[in-house]
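A.B. asks: Quick one: the structure is below, and I'll ask about it shortly.
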Amino acid sequence: MKTPDFFNDVPPLVMYDPLSSLLGAADSGILTYTYTDVVKLAGHSCPTVAGAYLMVQKGLKELYGNETPVRGEIKVLMNGKLGDGVVGVIANVASMITGATDIGGFHGLGGKFDRRQLLFYGVEMEGEMALERIDTGARVILRYDPSCAFPDPRMKEILPLVVTGRGDENSAILFATLWQDRVKRILIDHKDNPQLVKCVLQ
């Protein structure tokens, strides 16, 4: 599997999953998620997938500080409704990393580790998504604005050619290169830009 080199420069997310530890799926229950992992989940790399990854990463940092976040003990709240825009894409990334699901997740074992009723849609807030610790009730609201990493103006001209099949191989290569260049700028160059992801801890 060959991916753009910058994928490897995106810091991974390390989670502790007590269920994984109990069942021996990972040593000490430590799970590592990379940007490549969420690209595999989504099937593509784009500003939305990159933004979802960054929101979860920054949100968990706000909630846990230097502690290892506990997978399965985090609620994910989405402002939008399932099926609207890119709400599902963002929720899928957050669900993969945190373990939170609505009704389709693991039912639990011995009355513990139930992953259902942890993912909610249509929650009013001043942001796209919020993460909430079950143990403390602390919540962080997250807002994502990738406009600081503006797209190359050539993309607007090439896109119609690529999606309609009227472009040649060179135009397709250029479009893909420019597309991933913007994703790189979001994940690498602007990752610490306070305008990109805003976190409000409650």
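A.B. asks: Would you confirm whether or not the stretch 64-73 contains a residue that is within 16 Å of V200 (Cα to Cα), out of contact with any Cys (no Cβ under 8 Å at 6 or more places or on another chain) and surrounded by 15 or more Cβ atoms within 10 Å (Cβ to Cβ)?
C.D. replies: yes
A.B. asks: Oh, and also: Could you run through the stretch 119-151 and say how many residues are surrounded by fewer than 16 Cβ atoms within 10 Å (Cβ to Cβ) and either of a type in the set (G, A, S) or more than 27 Å from G83 (Cβ to Cβ) (or both)?
C.D. replies: Summing the residues that are surrounded by fewer than 16 Cβ atoms within 10 Å (Cβ to Cβ) and either of a type in the set (G, A, S) or more than 27 Å from G83 (Cβ to Cβ) (or both) in the stretch 119-151 gives 8.
A.B. asks: Go over the candidates L41, L82, L63, L54 one by one and state the one that is assigned to a helix (DSSP H, G or I), out of contact with any strand residue (DSSP E or B) (no Cβ under 8 Å at 6 or more places or on another chain) and of a type outside the set (V, I, T).
C.D. replies: After ruling out the rest, the residue left standing is L41.
A.B. asks: Still on this model: Taking the stretch 161-177 on its own, how many of its residues are surrounded by 14 or more Cβ atoms within 10 Å (Cβ to Cβ) and of a type outside the set (A, V, I, L, M, F, W, C)?
C.D. replies: Qualifying residue count for the region: 2.
A.B. asks: Next question, about the same structure. Kindly indicate the residue of the stretch 1-22 that is more than 18 Å from G105 (Cβ to Cβ), surrounded by fewer than 14 Cβ atoms within 10 Å (Cβ to Cβ) and of a type in the set (A, V, I, L, M) and also modelled with the highest pLDDT among those meeting that condition.
C.D. replies: Selected residue: V14.
A.B. asks: Next question, about the same structure. Can you pull out every residue in the stretch 63-107 that is among the aromatic types (F, W, Y) and closer than 22 Å to K198 by Cβ?
C.D. replies: Scanning the stretch 63-107 gives a single hit, Y64.
A.B. asks: Looking at the stretch 74-102, which of the residues that are buried (at least 20 other Cβ atoms within 10 Å of the Cβ), of a type in the set (G, A, S) and touching a residue at least 40 places away in the same chain (Cβ under 8 Å) is farthest from M129 (Cα to Cα)?
C.D. replies: G99
A.B. asks: Can we say R166 is modelled with pLDDT under 95, among the basic types (K, R) and more than 24 Å from Y16 (Cα to Cα)?
C.D. replies: yes
A.B. asks: Hey, I103 hits all of (1) farther than 16 Å from L201 by Cα; (2) at pLDDT 95 or above; (3) among the β-branched types (V, I, T) but one; which does it fall short on?
C.D. replies: (2)
A.B. asks: Could you identify the single residue in V163, V123 that is among the β-branched types (V, I, T) and not in a helix (DSSP H, G or I)?
C.D. replies: On inspection, the qualifying residue turns out to be V123.
A.B. asks: Of the residues D114, D135, D152, only one is part of a loop (DSSP other than H, G, I, E, B) and without any contact (Cβ under 8 Å) to a residue 24 or more places away in the chain; which?
C.D. replies: D114
A.B. asks: Turning to a different aspect of this structure: So which residues in the stretch 166-185 are touching a Leu at 6+ places or on another chain (Cβ under 7 Å) and part of a helix (DSSP H, G or I)?
C.D. replies: Within the stretch 166-185, S171, F175 qualify.
The values are calculated or read from the model by the stated rules, or taken from the named source; none is laboratory data. All of these numbers come straight from a predicted model, not from anything done at the bench. With ideal geometry, Cβ positions are generated from the backbone for all residues, glycine too; neighbour counts draw on all protein chains shown.
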